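Single-structure report; data block below.
The values are calculated or read from the model by the stated rules, or taken from the named source; none is laboratory data. The structure displayed is predicted, hence computed values, not measured ones. Here Cβ is always computed from backbone atoms with ideal geometry, including for glycine, and neighbour counts include all displayed protein chains. Calculation scope for accessible area: heavy atoms of the full protein, side chains included, ligands and nucleic acids excluded. Shrake-Rupley method; radii C 1.70, N 1.55, O 1.52, S 1.80 Å.
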Protein chains: 2
Amino acid sequence: MEAITIKDIARALNISTSTVSRALRNSYEINPETKKLVMEYAEKMNYRPNPIALSLKDSKSKSIGVIIPEIANHFFSQLINGIESIAYNLGYHVVIFQSHDSYEREVANTNYLVSRKVDGLLVSLASLTTNLFHFQDLMERGLPIVFLDRVPKEIETHKVVADNFDGSYQATSHLIQTGKRRIAHLTSPIYLSITTERLAGYRKALEDNGIPFDESYVRYCIYGGKVVAENEEAIGELLALPEPPDAIFTASDRLTTGCLAVLQKRRIKIPEEIAIVGFTNISVAELLNPPLTAVVQPALEMGQQAVELLIRLIEHPQKKGDYEIRFLQTSLITRESSVGKQALKT
Amino acid sequence: MEAITIKDIARALNISTSTVSRALRNSYEINPETKKLVMEYAEKMNYRPNPIALSLKDSKSKSIGVIIPEIANHFFSQLINGIESIAYNLGYHVVIFQSHDSYEREVANTNYLVSRKVDGLLVSLASLTTNLFHFQDLMERGLPIVFLDRVPKEIETHKVVADNFDGSYQATSHLIQTGKRRIAHLTSPIYLSITTERLAGYRKALEDNGIPFDESYVRYCIYGGKVVAENEEAIGELLALPEPPDAIFTASDRLTTGCLAVLQKRRIKIPEEIAIVGFTNISVAELLNPPLTAVVQPALEMGQQAVELLIRLIEHPQKKGDYEIRFLQTSLITRESSVGKQALKT
DNA sequence: TTGAAAGCGCTAACAC
DNA sequence: GTGTTAGCGCTTTCAA
């Protein structure tokens, strides 16, 4: 009842295993008759090569590892869908691991995937990762890695990111155009690429519109809003400012929903008292109360392009230094949380 | 720069590979000195055994395969978190695959995982799966499988499910208590266990309250609401009934959000004209417009219990027929979509 | 055109 | 206590 092997076929047909192997992999020098015989028998017995043996043999596995902060987040699960769809078509399997934003788990996952002989790695950095040696080391040893979304400045390889600067710039400009002036920014830890890029876009939009950048309107949430208290505290501080904000631009899913929850609890009217724009791919933005204005990333495409780059790297190793960074456009979807029902109708 | 092997250690220390192996795996008969030597050198060289070789050797991989319909769904991603947390602690790795509710992909994923020598399988059935041979076959060959959430009647093994009947019963009773009488049920394909269980609870609640069950109030969505048109059509049909429903009980995330979107589009007042209760773990139920009354499943615990059962099965193969089915309680969280703001305040 | 043999990394039965 | 050897499934020289 065990899986059939090349050996079984050889024995049954009274030929050698190497002949069977050649027949199966369509080698050039082989008697068509023998080949036919083998193929038919293999088909009949439903033979499947053992991928473990193959991996052991040549350290290739036709699989790629994905390391992301978490799955329970629409942006990342869309990313995965994009990754899977392409990988599947190109004959690669995808193995997913979550770092839960922990540096240790990111390292552990990386090691495991490497020992499992994945052919390449797709990574979105954990928010607590500052040391990149585990990736640098692998790259030097020749393992293809492509980063996406949360990418390291220090490592040279293909990268796929949303145009975070522009997305932020648009969101902030939009708030300014609707008459807001004291725009706060609730964001993730500062050492993430997405944080600095989004912050820069926010800042530039303010300055382009003659509003001075004020650091006290910016709050960094080290847990990215995953800890409720953190959200409450940050927003509490903002509201306690001498001139509390009249708008909040939130930088992630969790920060956005957390912010909405806190404002709702405090019975603050959105957008009249405080307008909200979120940098988020949350699926039900339309159904929220109020419907949420959002900067949406093309997560699916990001995933697709990243695997394509990775697989290209795997199959055609290229000279160093010839890497590309792809910026994908975000889109601002305007809803009531920033402009109100009345304004939206006109 | 390649990974160091047992052979390298043997050569360096001028001993045999088997001695190294013994030292490393703490075998009984070995000279403490030799052992120390080996251990230190291995440590120094950062030796890591090659799991591929181990798998090839004894067809064990210390990893378990998970096959679920999709990741981009809060219920399933919470399930995965539960699974991962426990598996990680017990030294197992988790490999996740999505069936996208397709029978073919479920079979393909299963085959792949098996060929990769996972030690066991955790499965939530695709909605389009009716033939279970791929699982039955594996079980007969001795592969441990535990089903969760969407489970097959025909296969005897451990199963972990929410108490779907009771959850539905509660939801429906709740709607009846708030004065609704024409309660529709929007649900998934009929051959899923969750569908029949939830339908039964709904039906029983109606009958216990003297309301006759009316098949025309039940709509089965073959794509589970993933296709927007399907939702719209189903709800359109319900609204076109001579006596349109005054409440809708929706059986899944997608069906719930889809239903809300359609009602909102048609400017139907919730809950005054139609009340909504969803069987859903959606994370932002509180923030929806209106806040959503939901039957919530203990997804995390379900995942945890399922892996525990699976790993127990892997490590202590047991006699057939001694399987358990665990029912975990759901909780009904009442919000405005079923009772309205006024009623909720009192 | 085919077969024999070695090797990928590791373990274990069997010698010594 | 340690070394030798075979074998997990497969590919690939090297010979014939």
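As an exercise, identify the trypsin sites (Lys or Arg not before Pro) in the stretch B:243-329 lying in DSSP coil whose Cβ has no more than 16 other Cβ atoms within 10 Å.
Hits after loop and neighbour filter: B:Arg266, B:Arg267, B:Lys269, B:Lys319, B:Lys320.
Only loop residues by DSSP count here, and only those with at most 15 other Cβ atoms within 10 Å; note down the trypsin sites (Lys or Arg not before Pro) in the stretch B:158-216 that meet that.
B:Arg181
Bins of 10 Å, beginning at zero and ending with the bin holding the largest distance: percent of Cα pairs per bin for the stretch B:244-346, please.
14, 37, 21, 15, 10, 3
So how far, in whole Å, is the C-alpha centre of the stretch B:203-237 from the one of the stretch B:258-300?
15
If the stretch A:195-240 were replaced by its equivalent ellipsoid, with semi-axes equal to the square roots of 5 times the Cα gyration tensor eigenvalues, what would those be, largest first, whole Å?
After scaling each eigenvalue by five and taking roots: 23, 13, 6 Å.
Where does each of B:His316, A:His158, A:His74 land when they are ordered by accessible area, with a 1.4 Å probe and the largest first?
B:His316, A:His74, A:His158
For the protein assembly as shown, just list the percent of Cα-Cα distances falling in each 10 Å bin from zero outward, please.
Per 10 Å bin, starting at 0, the Cα pair percentages come out as 3, 13, 21, 23, 20, 11, 6, 2, 0.
If one takes the accessible area of chain B alone plus chain A alone and subtracts that of the pair, with a 1.4 Å probe, what total in Å², rounded to the nearest 100, results?
In total, this chain pair buries about 4100 Å².
Over chain A, give the accessible area per residue in Å² for a 1.4 Å probe, as an integer.
45
Does anyone have the angle between helix B:336-345 and the longest principal axis of chain B? Alpha-carbon axes, 0 to 90°, nearest 10?
Helix B:336-345 and the main axis of chain B meet at about 70 degrees.
Kindly state, as a whole number, the per residue volume in cubic angstrom of the convex hull around the alpha carbon atoms of chain A.
Taking the convex hull of the Cα positions in chain A, it is 177 Å³ per residue.
Can you pull the percent of the protein assembly as shown's accessible area that's carbon plus sulfur, 1.4 Å probe, other chains left in place?
52
Binned at 10 Å from 0, what are the whole-percent values of the Cα-Cα distance distribution for the stretch B:226-295, short to long?
21, 58, 20, 1
Go through A:Lys117/B:Lys7; B:Lys117/B:Lys226; A:Lys7/B:Lys57; B:Lys180/B:Lys204; A:Lys180/A:Lys204; A:Lys269/B:Lys341 and tell me which ones have a Cα-Cα distance over 22 Å in this structure.
B:Lys117/B:Lys226
For A:Asn31, place a label point 7 Å from Cα along the Cα-to-Cβ direction in every copy; what are the distances to the other copies, in nm, shortest first?
Spelled out, the distances from A:Asn31's label point are 5.5 nm.
Shortest first and in nm with one decimal, please list how far the A:Met139 label point sits from its counterparts in the other copies (point 7 Å along Cα→Cβ).
Its label point is 4.8 nm from the equivalent points in the other copies.
Identify, for chain B, the residue whose C-beta comes nearest the rotation axis onto chain A, and round that distance to whole Å.
B:Asn289, 2
Any chance you could list the semi-axes, whole Å, largest first, of the equivalent ellipsoid that the Cα gyration tensor gives for the stretch A:1-143, using √(5λ)?
Largest first, the stretch A:1-143 gives 40, 16, 13 Å.
Copy-to-copy spacing for A:Asp58, label 7 Å out on the Cα-to-C-beta vector, in nm, shortest first?
List, nearest first: 3.0 nm.
Could you work out how far helix A:32-44 tilts from the main Cα principal axis of chain A, as a 0 to 90 degree angle to the nearest 10?
60
What aspartates and glutamates does A:Lys35 reach when the alpha-carbon gap must be under 18 Å and sequence neighbours fewer than 8 apart in one chain are set aside?
A:Asp8, A:Glu43
Give the accessible area for A:Ser59 in Å² (nearest 10); use a 1.4 Å probe, count only protein heavy atoms, and leave out ligands, DNA and RNA.
Its accessible surface works out to 60 Å², give or take rounding.
Going by alpha carbons, how many degrees (0 to 90, nearest 10) lie between the helix axis of B:193-208 and the longest principal axis of chain B?
30
Relative contact order, percent, of the stretch A:6-49 when contacts are C-alpha pairs under 8 Å separated by at least 6 residues?
35
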